Ligand code: RIB
Ligand code: CA
């Protein structure tokens, strides 16, 4: 089976970095490009972090474009308290020496790549706020329609015991950071798979101290990078949740997650429900107008096996 052509849209961040490392070791994926968006950190950091991780992982040939420095209408609110002052866990990953950014803004970069391929060939995997995706939908709707599907990390749908928020009790960061962008995406009619906190915070698929030690002890360069960028998160929170790697892995091996189709509504009003993603579980509504396949379960052990086997394969 030929590899799946993907574009990653990221706010590199710790778990975004782990997702890049995994994607680079996955023959099932053909990474056509990576776009950066403001989210975990300001755009200058998230974009630079893409270059840092690619160069450290020995993959300088992948093109990188910069996207939105701020949400559609709101002020940017980074999460440096989680991802460290540089957005990469304060890890000693060198600054890029020879990589540069594509001249095009993210939406044009994505649009040009998509238009250069057949309809339905490319999967877009957003793992940050959906701002760049919203710009693509607004500026190049015909291009967006040529995408095969969008597999996003985002949302908290209250569909498992872990399906509560991480910014408010009901809101997940990627959606909360730019709820207007997410609302436009969920209303777009695109083929959306949403991998939310319901499954990404399932402890059977997270890295605890014991599992982190496996990465730390491995001589594989990717394992070393993964261990260093995630060390601060492990120290602060006792666990490294693999939010973005699970979105990527669900494209590599769709059997690792289970999904159900629901109508999903994104709350954009200010307050504790800002960024809430409501999956309408009423039977008729589910049959009438579902707009996303929402992840409802993950095979955590198999997910971890896949990640660890690929990040430690060279030593
Ligand atoms: O809520 C988790 C998501 O927000 C992850 O994508 C993390 O990188 C941050 O962007
Ligand atoms: Ca992210």
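The values are calculated or read from the model by the stated rules, or taken from the named source; none is laboratory data. Please read these numbers as outputs of a predicted model, since none were measured by experiment. Ideal geometry is used to build each Cβ from the backbone, glycine not excepted, and the neighbour counts take in all protein chains shown.
Things worth noting here:
- Qualifying residue in region 69-86 (condition: out of contact with any helix residue (DSSP H, G or I) (no Cβ under 7 Å at 6 or more places or on another chain), closer than 19 Å to residue 8 by Cα, part of a loop (DSSP other than H, G, I, E, B) and at pLDDT 95 or above): yes
- Among (1) closer than 21 Å to residue 165 by Cα; (2) within 20 Å of the chain's Cα centre (by Cα) - the single one residue 263 does not satisfy: (2)
- Just one of the listed residues (17, 79) is within 16 Å of ligand 2 (Cβ to nearest atom), in contact (Cβ under 8 Å) with a residue 12 or more places away in the chain, buried (at least 21 other Cβ atoms within 10 Å of the Cβ) and closer than 23 Å to residue 242 by Cβ, namely 17.
- Residue under evaluation residue 165, criteria (1) within 16 Å of ligand 2 (Cβ to nearest atom); (2) surrounded by 24 or more Cβ atoms within 10 Å (Cβ to Cβ), criterion not met: (2)
- Checked against (1) closer than 30 Å to residue 56 by Cβ; (2) in contact (Cβ under 8 Å) with a residue 40 or more places away in the chain; (3) touching a strand residue (DSSP E or B) at 6+ places or on another chain (Cβ under 6 Å), residue 234 passes all but a single condition, namely (2).
- When the strands (runs of 3 or more DSSP E) confined to region 171-284 are screened for residues that are touching a helix residue (DSSP H, G or I) at 6+ places or on another chain (Cβ under 9 Å) and away from ligand 2 (no atom under 15 Å from the Cβ), those reaching at least 3 such residues are found at 257-262, 264-266.
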